[in-house]
Structure formats: C-alpha cells, structure tokens
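Note sheet for the following structure.
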Amino acid sequence: MSNRPHVIQILPMYYPKGEEVLNELAHVKKFEEFREDEIIEYLKSHRVDGIILRAPARVTSAMIDAAKDLKAVSGAGIGLDNIDVEYATQKGIKVLHAPKINSQATAEHTIGLIFSVMKNIVPFHEEMKKGNFGYRDGKFTYELKGKTLGLVGFGSIAQKVASMMKTSFDMDVLVYVRQITEERHKIQEELGYQFTTHIEDVFKHADVTSVHIPLSPHTKQLINKKHFDLMKPNAIFINTARGGVVNQEDLATVLKERKLMGAAVDVYDPEPPPYDHPYFGLDNIVMTPHIGGISEEAARETTETIARNLIKAILGEKVETIVN
C-alpha cells in the first residue's frame, strides 16, 4: 500500500514480532545504531510520519526540527527521559509510551534482585564454580519474613512488589508517596501498608529499600548520601526504576565503605554505563543490564502494541498511551 505511513525505527525492537507488525503497517527505515547526525540527514531528505525507538537512542530537539512532517514518536517503555517531550509538544507532535504491560516482569525482576543480595547468590555461585565449597563456612544468608520493605513510589510495579512480598513473606510495607490520598488510606486499612510523605522514613526504617519512581527534573538524583546514611548497616538497596534518580557516586561510596550490606541495580546513568562507572569493581552490588521489563511475554505484547499504537496516532486515531 503506497499510502502507508513512513516510520523510522531506531535500534531493534525487544521482540521480533513487533517489527513484523510495524513493517506490515508502515514503510520502515531501520537504523541499527543511534547516530544522531545520520538520522537528522535522513529526516531532512525524507517525509517521515513517525519515529519508534528504544533506549539508549534518543529523540532530540534537533531531530524534531529536521522532521518537518513528523506526527508521532513512540518510546519502547514507560519512561520517556530519552525523548524531548516538551519540545515535541510545542511542535504539535504526539509522544507515546508503552502501556504498563511489563509491570509484572519488572516486579518479578525486582524480587529476584532482592533475593540475590539477601541470599548472597552471586558470590556463592562464583566460588562454587571454582570448587570452593568451603566458602560457605562462617557465612549466613538472610530471611525476608517479618522484615520491612520500603518502597519509594507506588506505581503499578511497586504495588505488585508490595503485594508479592507481603503475601509470600509477611513483610511489613512502608511506602513513600508525595501525597496520601483517600484511596491510599483505604489500602492502609485493608492491606496494612504504611504510607509516609517523608522519604527519610523509608530509608531509616526499611530493611529492603526499592525504588520505583520515574526520572524527571524533580526526581533527578533525588536519592543521595543523606538517604543512604540513614539506612541500617544490614539493609539493602534496589533500583529497577531509572539510574538518574540516584546519585551513583554516593551509592558506590557507601557500598565501598561497607555502610550497607549490599545493593542491586538494573538501571544506570548513562546507559550503557561507561567503563569507569563507579559501580564496577564493587563486590557487594549485583548488576543486570536494564532487563527488568524484558520478559519474553512482556516484550512480545509490548512491541506489538507500541507498533500498532504509533500507526494509530499517526492516522489521528485515539490512543490511550499518548502522554501529551
């Protein structure tokens, strides 16, 4: 069909089915790598209706200026910190994110990271590969039952983490939110969660603190040394949200000084992290390469959905995931 929209795809999608759907619905120019200058040149010389991308690729103001016919841009996940949403909005360009399909996957990954630290799984695994069974001598793992789970934020992922940890391990749940709504009062009464508008309360009282907030100017490096200094020495810190919400140097310092039992992270600032990232070389942090939301099930459904939603937005149809 010659009247199909023209779409730029930057970096491969997380699941091939999404690319199949996109190619069925649009003429697609795929860039395997993010090279801004090359993409800008293409935008200047072609009529492009839409852009679909995943991190670490970005959509910048310069790219938007080069795309005179651009109607819609879609990210691959919930976060939109790699798209200049404000400038796109000024230019009348729709910005979409993925629906919350990967909440279950990210919640499960968060719990996996909690276990990896509390049960000391990575060091035991590495020593067993060397045949060092005696590494276990004098070392202990830690139980979750009855301990306090602290959550920074209470979106769909945090809610799933809270539910699973409360139900399975009888953990107390303490949540930092900006405001305690009537709905949260009801949750507090029905489920026994405690809510606070003081983020310090979470860091002071939790045995496990897990971050679930988006990156924005308000939250950039929101969590820093003053919060880590409040934590118990046998507490652990988990971040599956965005690397930029944490002062990474501060976290690395408290881990190096053994002021925390450990940490686990799935996200970095920038991504991919540079070779001299402060987390590298630490033996009390578990790291995964931003894969929390990329279960096969979530990736398949998400990629198909964002491909269809982008085309709908280009054609002027109503789409619930337009953020502006």
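The values are calculated or read from the model by the stated rules, or taken from the named source; none is laboratory data. Quantities reported herein were computed from a predicted structural model and do not represent experimental measurements. Using ideal geometry, Cβ is built from the backbone for each residue, glycine included, and neighbour counts are taken over all protein chains shown. Heavy atoms of the whole protein, side chains included, go into the accessibility calculation; ligands, DNA and RNA do not. Shrake-Rupley method; radii C 1.70, N 1.55, O 1.52, S 1.80 Å.
Brief remarks follow.
- Restricting attention to segment 293-313 and to residues that are surrounded by 20 or more Cβ atoms within 10 Å (Cβ to Cβ) and at pLDDT 95 or above, the residue that is farthest from H97 (Cα to Cα) turns out to be I311.
- Of the residues examined, V173 is not one that is modelled with pLDDT of 95 or more, among the β-branched types (V, I, T), under 19 Å from the mean Cα position of the chain (by Cα) and within 28 Å of P214 (Cα to Cα).
- Taking each residue of segment 254-273 that is farther than 18 Å from Q221 by Cα and looking for partners that are at pLDDT 95 or above and in a helix (DSSP H, G or I) with beta-carbon atoms closer than 8 Å, six or more apart or interchain, yields K259/F228; L260/F228; L260/V254; M261/V117; G262/V117; G262/L255.
- Screening G316 against (1) more than 21 Å from the chain's Cα centre (by Cα); (2) within 17 Å of R54 (Cα to Cα) leaves a single unmet condition, (2).
- Listing of helices (runs of 4 or more DSSP H) fully contained in segment 213-324 that carry 2 or more residues being in contact with a Leu (Cβ under 7 Å, 6 or more places away or on another chain): 248-256, 296-314
- Pairs linking a residue in segment 199-223 that is on the phi > 0 side of the Ramachandran plot to a residue that is open to solvent by 10 Å² or more (accessible area, probe 1.4 Å), with Cβ atoms under 8 Å and 6 or more positions apart or on different chains, are Q221/N247.
- Candidate set from segment 183-212 (those that are of a type in the set (V, I, T) and assigned to a helix (DSSP H, G or I)); member that is least open to solvent (accessible area, probe 1.4 Å): V202
- As for segment 227-247, it holds at least one residue that is closer than 27 Å to I101 by Cβ, in contact with a strand residue (DSSP E or B) (Cβ under 8 Å, 6 or more places away or on another chain) and among the hydroxyl-bearing types (S, T, Y).
- Qualifying residue in segment 261-272 (condition: surrounded by fewer than 21 Cβ atoms within 10 Å (Cβ to Cβ), out of contact with any helix residue (DSSP H, G or I) (no Cβ under 9 Å at 6 or more places or on another chain) and of a type outside the set (D, E, K, R)): yes
Here is a yes/no grid of residues against (1) on the phi < 0 side of the Ramachandran plot; (2) touching a helix residue (DSSP H, G or I) at 6+ places or on another chain (Cβ under 7 Å); (3) modelled with pLDDT under 95:
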| site | (1), (2), (3) |
| --- | --- |
| D69 | yes, no, no |
| V73 | yes, yes, no |
| A88 | yes, yes, no |
| S103 | yes, yes, yes |
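- Scanning segment 275-292 for residues that are open to solvent by 50 Å² or more (accessible area, probe 1.4 Å) and either touching a His at 6+ places or on another chain (Cβ under 9 Å) or over 18 Å from L215 (Cβ atoms) (or both) yields a total of 7.
- Any hit, segment 9-18, residues being closer than 19 Å to I93 by Cα and free of Cβ contacts under 8 Å to residues at least 60 places away in the same chain: yes
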